[in-house]
Amino acid sequence: MKVRLYFSALVLLYVSALCNAKDYRWDIAGHHSVEWNHLRGGVPHDDHIEMAGEKVAVVYYWGVDANEQFHVSRHLVFPMLRTVPNNTHASWMPHSDVNFLEGMKTNNRSFGKERVQKVTLDGKMTVYSVINGDNNNFELTRIFFPCTKEAAVCESYMFKNVGEKTERLLVPSIYTVRTTNPENGTRGSYRLVARSEFGEDKVVTLKPGESTTFYCTIQGYSVKDEKELSFNVAEELAARQAFVDEVTGKLDFQCPDDTLNTLFAMSKIRGSESIYRTRGGLMHGPGGESYYAAIWANDQAEYISPFFPFLGYKTGNESGLNCWRLFKKYINPEYKFIPWSIIAEGDDVFGPFDRGDAAMISYGASRYCLEMGDKAITEEIWPLIEWCLEYCHRKINVHGVVASDGDELEHRLPSGDANLCTSSLYYDALNSATYLCKMMGKSAEGKIYQKQSLELCKNLDKFFHATVEGYDTYRYYEGNDQLRSWICIPLTMGIYDRAEGTIQAMFSPQLWTENGMLSVSTDKIYWDRSTLYGLRGTFAAGYPDKALEFMHKFSAFRLLGEHVPYVIEAWPEGGQRHLSAENGLYCRIVTEGLLGFRPTGYTTFDLTPQMPKGWDTYSLKNIYACSPRPFDIMVTRKGAGLQVIIRRDGKTLKTLSSKPGKKISVRL
């Protein structure tokens with residue numbers, strides 16, 4: 001026992017050293033909060049962060065200049081105000097640089113110099129400053145956030161007199177309007193209104209220690225069929241906070257690593273907020289000033305929709321169900337490939353070739369149905385799943401793997417006539433379909449899918465297994481002789497035959513960087529999505545120490561580094577946009593990788609828990625998947641094994657003994 005405790009202490013010291021190996025700009029400030037204190041890392045510093053509500057998105061391009069003063073430009077997106085031509089990128093996207101503090105005075109004198117003290121990100125952005133002058137001393141607190149239900153963003157400004165004199169503040173009234181040409185909008189002219197809450201200049205007298213708060217809004221609307229709205233910004237702030245509290249309180253992950261805990265919690269915010277109430281129903285959108293009021297077979301069907309049942313976020317689950325309903329409209333008796341995106345609030349589609357989208361959709365939809373545990377949903381969505389599986393089956397080539405024209409990178413990089421991703425996703429979809437058939441009483445169909453799954457697994461290894469750049473792993477397509485980041489995907493589908501060599505390749509100097517895996521070993525391109533799959537697969541394959549080491553480094557860089565606080569889409573394409581669905585992939589590292597949660601029925605699932613050497617316990621609380629009510633899972637080290645406790649409503653349902661990496665079957 002003493003030897004084991006001593007070893008654990010050494011590992012903890014090692015992990016602690018890793019945590020402090022880099023002096024990051026940001027600090028963890030709470031359960032789902034990070035802060036930048038005292039301009040650590042120096043100025044000037046600029047960054048950008050995206051936030052969203054049901055009718056608006058905004059990317060705040062903000063920074064602190066060399067004089068320690070704050071600046072912000074708001075890149076607004078109104079997904080339901082469509083422009084002409086009404087294509088994928090046709091959301092109205094005006095910019096606003098309005099300065100609501102312009103012209104402010106105290107005692108008829110201009111303010112002194114502002115010096116930013118702290119910036120906090122926690123589902124909103126709060127900027128703390130001090131203003132010092134010859135005759136005045138103030139604390140200024142700005143808060144930026146989007147409305148949860150309306151097409152507007154809100155700002156709060158609080159001034160506190162921290163000097164020794166009574167101050168008389170003059171706050172100018174601001175009201176600016178921009179109206180677009182009606183020919184450029186599908187609904188005619190659009191109007192952008194930036195205004196302070198008061199219609200005339202505001203004068204406030206503040207004694208020492210007193211404070212005042214005023215609010216401002218920027219809204220967009222259609223002149224033809226909408227009107228300018230009035231807002232109670234305090235209520236809007238409370239609604240935004242209620243949303244943040246809901247999604248961060250559900251599916252709560254706690255482990256010995258606060259970096260992982262915090263990024264997991266914040267990922268739920270970004271993953272859940274980007275859902276738009278369109279004419280075509282609730283549609284989760286990637287964002288990034290490009291992709292709104294539209295869904296994709298990878299981002300929505302494959303990445304995020306299978307995550308929402310774990311979270312139990314009603315709006316997210318509804319957006320997932322609507323995703324399947326929208327794609328279902330495009331199944332056809334000719335088995336022509338399904339479009340890869342449904343755009344313009346559901347009015348149009350895009351996708352000139354097959355990216356393997358049927359495999360993506362069947363993978364996500366079948367897992368979603370199992371996790372939701374709702375017979376009616378399964379029966380409604382089953383025709384889509386069944387069609388996609390049959391489409392993939394018809395695309396099996398002479399080598400026994402699935403052919404497709406491309407992959408989710410859409411010919412940005414070569415993928416051959418058959419790629420590793422498409423066949424791997426189809427393999428997992430067949431396994432999920434086998435479980436669903438048991439639920440529906442379709443035993444004959446289930447046996448067929450099970451047989452096809454076994455055959456595909458053999459053919460996948462036979463066709464894709466290769467030595468690439470000296471590593472015993474996979475080639476991504478026939479003729480591929482360079483390491484690719486997507487060699488990780490079989491590990492996330494329960495295929496571990498080539499795990500050792502694949503993991504060596506993933507974390508090799510050829511692929512791994514501080515930004516995660518390069519997409520291809522000979523380039524500088526990276527997309528976070530494959531790194532997130534890779535970390536999940538490394539845990540699932542039984543390499544928790546390796547997974548934790550690199551997950552911590554990657555998470556700290558994303559959460560606390562120079563561009564924070566979420567995982568990103570890619571670089572150089574898109575300039576590291578904070579796309580939304582990748583955040584679901586981050587959380588799935590824990591649910592499906594570390595914990596090994598695999599749904600097998602409406603109220604049944606397998607767990608294959610892993611335990612890094614430096615940990616003794618971790619937990620996931622308020623899990624909603626495969627259960628009519630939320631439950632908790634706690635994993636604790638017990639000697640050489642693990643104890644898994646499942647609780648609901650404060651009562652222990654099951655206490656199970658296992659070993660790291662051993663599968664446990666659970667029925668609730």
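The values are calculated or read from the model by the stated rules, or taken from the named source; none is laboratory data. These figures come from a predicted structure and were not determined experimentally. Quick reminder, even Gly has a Cβ in these numbers, built from the backbone with ideal geometry, and neighbours come from all protein chains shown. Please note that ligands, DNA and RNA were not included when accessible areas were found on the heavy atoms of the full protein model with its side chains. Shrake-Rupley method; radii C 1.70, N 1.55, O 1.52, S 1.80 Å.
Computed about the Cα centre, the dipole magnitude for region 299-456 is approximately 540 debye when only Lys and Arg (+1) and Asp and Glu (-1) carry charge, each at its Cβ. Within a straight-line Cα-Cα reach of under 24 Å, K113 can be paired with the following lysines, leaving aside sequence neighbours fewer than 8 residues apart in one chain: K105, K160, K165, K202, K207. When the charge dipole of the chain is built from unit charges on Cβ atoms (+1 for Lys and Arg, -1 for Asp and Glu) and taken about the Cα centre, the candidate among H45, M80, G400 whose Cα reaches farthest toward its positive end is G400.
Over the Cα atoms of region 452-551, what is the Rg over Rh ratio if Rh follows Kirkwood?
Numbers: Rg = 12.6 Å, Rh = 13.4 Å.
Using Cα coordinates only, the ratio equals 0.95.
Give the longest segment of the chain that steers clear of trypsin sites (Lys or Arg not before Pro) in DSSP loops with at most 16 neighbouring Cβ atoms within 10 Å, not counting the sites themselves. Counting only loop sites that pass the neighbour cut-off, the longest clear stretch is 525-661. Taking all C-alpha pairs of the chain, those more than 46 Å from each other amount to 20 percent. Which of S91, P660, S485 sits farthest toward the positive end of the charge dipole of the chain, with +1 on the Cβ of Lys and Arg and -1 on the Cβ of Asp and Glu? Comparing the listed Cα positions along the dipole, P660 ranks first. With K and R counted +1 and D and E -1, the other residues having a Cβ less than 9 Å from that of Y215 yield a net charge of -3.
For the chain, the longest principal axis of the Cα atoms and the long axis of helix 233-249 meet at an angle of about 20 degrees.
If you take the alpha carbon radius of gyration of region 625-668 and divide it by 2.2 N^0.38 Å, what ratio comes out, to two decimals? Let's see the in-between values first.
Working: Rg = 11.0 Å, N = 44, 2.2 N^0.38 = 9.3 Å.
Relative to the 2.2 N^0.38 Å estimate, region 625-668 comes out at 1.19.
Within a straight-line Cα-Cα reach of under 20 Å, K462 can be paired with the following aspartates and glutamates, leaving aside sequence neighbours fewer than 8 residues apart in one chain: D417, D428, D472, E478, D481, D497, E500. Relative to the longest principal axis of the Cα atoms of the chain, the long axis of helix 544-560 makes an angle of roughly 20 degrees.
How high is the FRET efficiency between D481 and E390 when r is their beta carbon distance and R₀ equals 51 Å, given to the nearest 0.05?
On the way: r = 34 Å, r/R0 = 0.66.
E(calc), rounded to 0.05, equals 0.90.
Partner lysines whose Cα lies under 24 Å from the Cα of K442, excluding those fewer than 8 positions away in the same chain, are identified as K328, K329, K375, K395, K451. With the cut-off at under 17 Å, measuring from each backbone N in region 23-44 to a point 7 Å along the Cα-to-Cβ line of V162 picks out 36-40. Can you give the local net charge around F353? Use residues other than it whose beta-carbon is closer than 11 angstrom to its beta-carbon, Lys and Arg +1, Asp and Glu -1. Net charge around F353: -4.
Taking all protein chains in place and a 1.4 Å probe, what share, in percent, of the accessible surface of the chain do carbon and sulfur account for? Walk me through the intermediate numbers first.
Details: 12360 of 25160 Å².
Ligands and nucleic acids excluded, carbon and sulfur reach 49 percent.
Using only the alpha-carbon atoms, how far is helix 258-273 inclined from the longest principal axis of the chain? Give it as 0 to 90 degrees, nearest 10. It works out to around 80 degrees.
Set the Förster radius R0 to 45 Å, insert the Cβ-Cβ distance between E500 and V84 as r into 1/(1 + (r/R0)^6), and round the FRET efficiency to 0.05. Once the sixth-power term is evaluated, E becomes 0.25.
Can you tell me the accessible area per residue over the chain, all protein chains present, probe 1.4 angstrom, in square angstrom?
Working: 25160 Å² over 668 residues.
On a per-residue basis, 38 Å².
Can you list the GluC sites (Glu not before Pro) in region 85-176 that are in a DSSP coil and have 14 or fewer other beta carbons within 10 angstrom?
Hits after loop and neighbour filter: E102, E164.
What number does region 365-417 give for Rg over Rh if you use C-alpha atoms and the Kirkwood radius? Computed over Cα atoms, the ratio is 1.12.
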